[in-house]
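Bear in mind these aren't lab numbers, they're just calculated from the coordinates by the rules spelled out. All values derive from a computational prediction rather than experimental measurement. Cβ placement follows ideal geometry from the backbone for every residue including glycine, while neighbour counts extend to all protein chains displayed.
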Amino acid sequence: FIVGETGTVVISTGSSYRHGRELIAQAERTGGKPVVLAIVTQPLQEFVMGAAAFTERGIPMLAQQQTASMITARCEGCLKNLLQVLGEETMRGTRVLTPTQIVTDTETRDVAGRTLQLWHPPWAATPGDLLVLDQRSGVAFAGALVSVRRIPDLRDGKVEGWRRALDAMAALPIRRLVPGYGPV
């Protein structure tokens, strides 16, 4: 998460309602500021299934347009699978919700006193990839564009687009990279 002057931005909502609540609590405890925005970087179940925890607090959820479309098209099936694998207790309260704020291309937004570059490359890991770069600190949240010590999920990926996206990322003013999977 990114702590700004007036609030906190959480990157990805987690894998369940319970996980989303834990993320909100941890972000507010650590940063001392209320969560004011959740940003979903990819339409993957571990990044979107905690949305209900944010929605119940009135926290908007932002994603790239193609991510929002994929959440609508696929995530009910993902939720059914998670219920079967993880069980009703673990997934209690989890609902599929679509983002309330949409970006269509790369843009910069001022949120909670921080300037965030929302970088959308052409189709790479997923059609709705979004990298979040805090311009002041140089910290970038890469989502599933980057995996460390894990084989990337290529189900929706386009390998050549992914390679071009990684090359283009190298030109961004990133000082510290937070991957979707693995250590910073």
(message) Between ARG74, ARG136, ARG57, where does the largest GNM mean-square fluctuation fall for the chain, given springs only between Cα atoms within less than 10 Å?
(response) ARG136
(request) Just need the relative contact order of the chain here, percent rounded to a whole number, with Cα pairs under 8 Å and 6+ apart. (result) 19 percent
(message) From the phi angles alone, apply the Karplus equation (6.51, -1.76, 1.60; θ = phi - 60°) to the range 91-101 and give each ³J(HN,Hα) in whole Hz, x where the residue is Gly or Pro.
(response) 9, 3, x, 6, 9, 8, 10, 8, x, 9, 10
(request) Please identify, among ALA68, ALA170, ALA38, the residue showing maximal mean-square fluctuation in a Gaussian network model of the chain using a 10 angstrom Cα cutoff. (result) ALA170
(request) Pull up all non-local amide H partners of VAL111: gap of 5 or more, or a different chain, and H-to-H distance under 5 Å with H placed in the peptide plane. (result) LEU116
(request) Rank MET61, MET49, MET70 by mean-square fluctuation in a GNM of the chain with C-alpha springs under 10 angstrom and give only the top-ranked residue. (result) MET70
(message) Quick check: from the Cα gyration tensor, does the range 26-108 come out rounded (a/c under 1.5), prolate or oblate?
(response) oblate
(request) Match the structure shown to one of the listed values [x] 9.7; [y] 11.9; [z] 13.3 of mean projected area of the Cα convex hull in nm², computed from it, and give that label. (result) [x]
(message) Please report the antiparallel percentage of the DSSP beta bridges confined to the chain, to the nearest 5.
(response) 50 percent
(message) Apply the a/c threshold of 1.5 to the C-alpha gyration tensor of the range 89-167 and tell me whether it is rounded, prolate or oblate.
(response) oblate
(message) Once each part is reduced to its C-alpha centroid, what is the distance from the range 65-141 to the range 2-21 in angstrom?
(response) 12 Å
(request) Report the local net charge at ARG29: Lys and Arg +1, Asp and Glu -1, summed over other residues whose C-beta lies under 15 Å from its C-beta. (result) +1
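Could you order the peptides 79-87, 21-29 from most to least packed, using the average number of other C-beta atoms within 10 Å per residue?
Details: 79-87: 12.8, 21-29: 16.6.
Highest-to-lowest ranking by the protection proxy: 21-29, 79-87.
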